[in-house]
Amino acid sequence: MINYICQMSSFLDQEIKFLPGVGPKRADILKHELKIKTFGDLIHYYPYKYIDRTKYYKISEIHAQMPYIQVKGVIRAIETIGAGAKQRLSARFYDETGSIELVWFRAIKWQKENLRINKAYTVFGKPALFGGKISVVHPDLETEEEKQLKPSGLFQGHYNTSEKMKKNFLNSKAINKIQLTLLSLAKGKIRETLPPQLLVNMKLMPLEKALTAIHKPETTVDLKNATFRLKFEELFFIQLKILALKHSRNKKFKGFHFEKVGYNFNKFYDHFLPFELTGAQKKVIKEIRGDVNRSSQMNRLLQGDVGSGKTLVALMTMLLAMDNGYQSCLMAPTEILAQQHFQSISKFLLEMNINVGLLTGSTKVKARRMIHAALQSGEMQIIIGTHALIEDTVQFTKLGLVVVDEQHRFGVAQRAKLWKKNDLIPPHILVMTATPIPRTLAMTVYGDLDVSVIDELPPGRKPIQTMHFYENRRNQLNNFMQQQIEKGTQIYIVYPLISESEKMDLKNVEEGFRQLTETFPDYKISMVHGKMKPAIKENAMQTFKRGETQIMVATTVIEVGVDVPNAAVMVIESAERFGLSQLHQLRGRVGRGAQQSYCILMSSYKIGTESRKRLETMVRTTDGFEIAEVDMKLRGPGDMEGTQQSGIGFDLKIANLSKDGEILQLARNVANDILNDDPFLQKEENQLLLRNLLSSKDTSFDWSSIS
Ligand code: ADP
Ligand code: MG
């Protein structure tokens with residue numbers, strides 16, 4: 001049995017140079033250009049489009065804009081034109097409706113000897129307009145006999161190739177040819193990767209048939225089924241991996257049991273909560289209650305648009321921990337954010353007897369020692385801070401809950417580090433993000449987490465009005481700003497961060513600052529940028545927050561979390577340079593108070609189509625999820641924030657996270673069902689799946705916890 005498997009699997013493991021028609025030189029090119037090293041790599045390199053070879057045109061229908069044509073007809077005349085390097089062979093090709101020219105610049109002698117006048121040919125190729133007439137350069141020519149001899153499949157697969165490959169005659173057609181060679185050799189040697197029962201239940205095409213059909217489809221139905229099978233498999237194994245991790249974590253690690261809702265939670269809720277919770281906040285708190293009340297570790301992602309009130313949910317979860325005798329920590333990505341959380345949470349808890357601490361990189365040694373001691377003794381129940389919380393030698397008596405704010409800056413690996421703080425039982429983890437993630441991406445990048453969504457803003461918020469101005473409306477903008485300030489509003493003006501040139505950033509901001517002081521000599525203006533000392537930056541922020549300055553000029557350092565309810569206008573300069581999620585984040589800085597808020601996107605006249613699309617989207621909607629979907633369509637899933645750090649390979653070969661949401665959901669459901677029934681994949685029928693998981697080349701997961 002073992003031998004049998006080894007023998008079978010070794011076929012696709014063979015080096016690509018041993019495939020007839022490849023050889024060492026082409027093998028080298030395939031390896032460098034496409035990372036194709038083995039037969040298996042090649043067979044999983046799929047066409048990106050297909051050309052329908054069932055379709056024939058009449059010559060009278062042809063025009064030069066068609067991507068390709070296929071015509072039946074005969075050659076009536078052949079002649080050689082020109083001489084030397086410029087020499088070409090020209091043939092006039094007729095059907096009953098007209099004629100076109102066929103042209104060859106290479107292998108002229110060979111063509112001349114082989115082309116037959118008045119013989120029936122099928123011509124396939126790309127039409128072009130030359131001297132006012134249609135011609136096809138280097139067409140595919142096939143006689144009826146040739147067509148019979150090598151049925152090339154009805155659809156022809158087209159493969160992506162690089163310039164270097166084309167120069168070395170490894171164009172799409174050549175790839176197609178070696179694929180067909182490989183398929184004929186592979187017959188009967190491709191091992192199925194999915195269990196028989198799954199194939200039956202999901203009506204999936206067997207692997208060998210699917211691989212054949214994906215490269216050489218005979219019918220549209222075949223192609224559709226093959227595509228489905230391969231996409232399903234690709235997404236299924238990713239989901240199986242992620243969910244196996246989650247299931248084994250739930251089974252292996254106990255979690256602290258927060259069984260009661262106690263004194264502090266109730267006291268806060270009854271007496272100090274300054275407003276009614278939104279329905280969405282209540283729903284999420286209930287979901288969290290469910291998690292922490294079942295003796296396994298909570299791993300929950302809380303998504304909620306900026307201003308939706310996530311901090312409060314975090315606070316109430318921390319009170320829950322406290323009521324059950326546990327400490328909590330809240331970790332923010334920046335010092336400013338940590339301070340802000342500390343301030344707002346301290347304010348909420350002002351009249352409750354709870355010891356809340358703040359620990360960041362700039363906490364003084366003496367204060368730091370005191371905090372360390374208070375955490376170790378258990379006197380301090382809640383600690384808020386930055387990365388200093390993980391890296392530092394911070395010890396807790398009983399850490400029961402870790403809240404991570406603005407999750408997209410922490411990857412899977414850092415998340416794992418958090419729960420090593422407790423030796424035996426890991427704390428519950430709540431990660432919060434204001435960067436809405438498309439559903440498909442959440443299932444993949446954060447697929448090991450349970451997901452809660454706050455899809456409702458606190459009442460009374462007016463939707464932010466967004467406008468896109470070109471430079472010619474600068475005066476209008478200035479008038480508008482003046483009006484707003486006269487009304488008592490504060491204004492942010494944000495300049496882009498150009499990562500290639502920090503110097504230029506600074507110039508932008510400083511130049512902007514200078515111009516503003518000229519335009520508005522009567523107003524006070526603050527400035528914040530990345531090159532400032534933290535203390536000075538913090539001071540500028542606080543001055544603005546206290547309302548002592550009317551305008552805040554900044555780079556994107558103010559992007560996340562900063563809360564100044566009186567600021568109601570956000571002006572974004574060179575808005576075309578920002579990504580969608582960043583624009584959305586920035587806009588979220590306003591619209592926090594009762595007054596109508598505005599976001600004005602300034603751009604130059606010359607902007608590309610993608611930039612235009614981004615700005616249009618911002619003007620059209622304030623729905624973070626909708627914006628995230630557009631963002632993923634524009635950028636592709638691999639470039640979305642969080643995916644880089646996620647450790648999940650995004651080189652999907654056939655599935656597409658922005659298009660295949662339904663298949664993904666299906667794959668996730670199936671994987672979940674299997675693991676619910678057999679969490680460690682120990683049953684006989686799941687051995688094939690386990691083997692495939694363990695042999696996966698993806699090293700970003702720690703499989704030791706499963707096997
Ligand atoms: P997020 O972190 O989700 O961006 P915050 O937690 O900072 O949002 O909340 C934004 C603002 O809304 C804060 O000033 C907060 O006090 C307030 N807020 C939170 N929940 C409610 C609510 N249910 N009703 C009214 N205001 C709320
Ligand atoms: Mg927040």
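Using only DSSP helix segments of four residues or longer, with each worth -39500 (n - 2.57), what per-residue ellipticity at 222 nm results for the chain after dividing by its residue count and rounding to 500? -12500 deg cm²/dmol, from helical runs alone.
Using r as the Cβ-Cβ distance of Thr621 and Arg116, and R0 as 45 Å, what FRET efficiency do you calculate, to the nearest 0.05?
0.10
What FRET efficiency comes out for the pair Glu259/Lys347, r = Cβ-Cβ distance, R0 = 22 Å, nearest 0.05? In this case the efficiency is close to 0.15.
In the context of the full set of protein chains, the stretch 252-315 has a per residue accessible area of 44 Å² (1.4 Å probe). Answer rounded, prolate or oblate for the chain, using the Cα gyration tensor with square roots of eigenvalues a ≥ b ≥ c: rounded when a/c is under 1.5, else prolate when a/b is larger than b/c, else oblate. Oblate is the answer for the chain, as a/c is 1.5 or above yet b/c matches or exceeds a/b. For the stretch 137-223, the solvent-accessible area works out to 54 Å² per residue, with a probe of 1.4 Å and every protein chain left in place. Distance between the pseudo-spin-label points of Lys653 and Arg368 (7 Å out from Cα toward the beta carbon): 5.0 nm.
Each Lys and Arg contributes +1 and each Asp and Glu -1, all at the Cβ; summed about the Cα centre of the chain, the dipole is approximately 1560 debye.
Per 0.36 nm of contour for each residue apart, how much would the distance between Lys109 and Lys487 grow if the chain were fully extended, relative to their Cα-Cα spacing?
Working: separation 378, 0.36 × 378 = 136.08 nm, distance 8.43 nm.
My answer for the length gained is 127.6 nm.
Multiplying the residue separation of Gln395 and Gln596 by 0.36 nm and subtracting their alpha-carbon distance yields 67.8 nm. Annotation: amide H of Val451 within the under-5 Å range of Leu301, sequence separation 5 or more or interchain, hydrogens built in the peptide plane. Bridge orientation summary for the chain: considering DSSP beta bridges with both residues in this region, about 40 percent are antiparallel. For the stretch 465-621, the square roots a ≥ b ≥ c of the C-alpha gyration tensor eigenvalues yield an a/c under 1.5, which makes the shape rounded. Would you mind getting me the FRET efficiency between Glu511 and Glu685? Use the beta-carbon distance for r and R0 = 56 Å, nearest 0.05. With a Förster radius of 56 Å, E is 0.25.
Look at the dipole of the stretch 42-164 built from charges on Cβ: of His63, Tyr94, Trp110, the Cα furthest out on the positive end belongs to Trp110. Rolling a 1.4 Å probe over the protein heavy atoms gives the stretch 465-621 an accessible area of 46 Å² per residue. The slack in the chain from Val137 to Glu456, taken as 0.36 nm per residue of separation less the alpha-carbon distance, amounts to 108.8 nm. Note on His271 and Lys633: their simple-model spin labels are 5.3 nm apart, each label 7 Å out from Cα toward Cβ.
Qualifying trypsin sites (Lys or Arg not before Pro) in the stretch 340-391, where qualification requires a DSSP coil assignment and no more than 16 other C-beta atoms within 10 Å, comprise Lys364.
Placing dummy labels 7 Å off each Cα toward the beta-carbon, the span from Lys166 to Ser60 is 3.5 nm.
Could you sort the peptides 266-276, 443-453, 620-630 by per-residue average Cβ neighbour count (10 Å cutoff), highest mean leading?
443-453, 620-630, 266-276
The values are calculated or read from the model by the stated rules, or taken from the named source; none is laboratory data. Everything numeric in this text was worked out from a predicted model, so none of it was measured. Glycine also receives a Cβ, built like all others from the backbone with ideal geometry; neighbour counts cover every protein chain displayed. Protein only, heavy atoms only, side chains kept; ligands, DNA and RNA dropped before computing areas. Shrake-Rupley method; radii C 1.70, N 1.55, O 1.52, S 1.80 Å.
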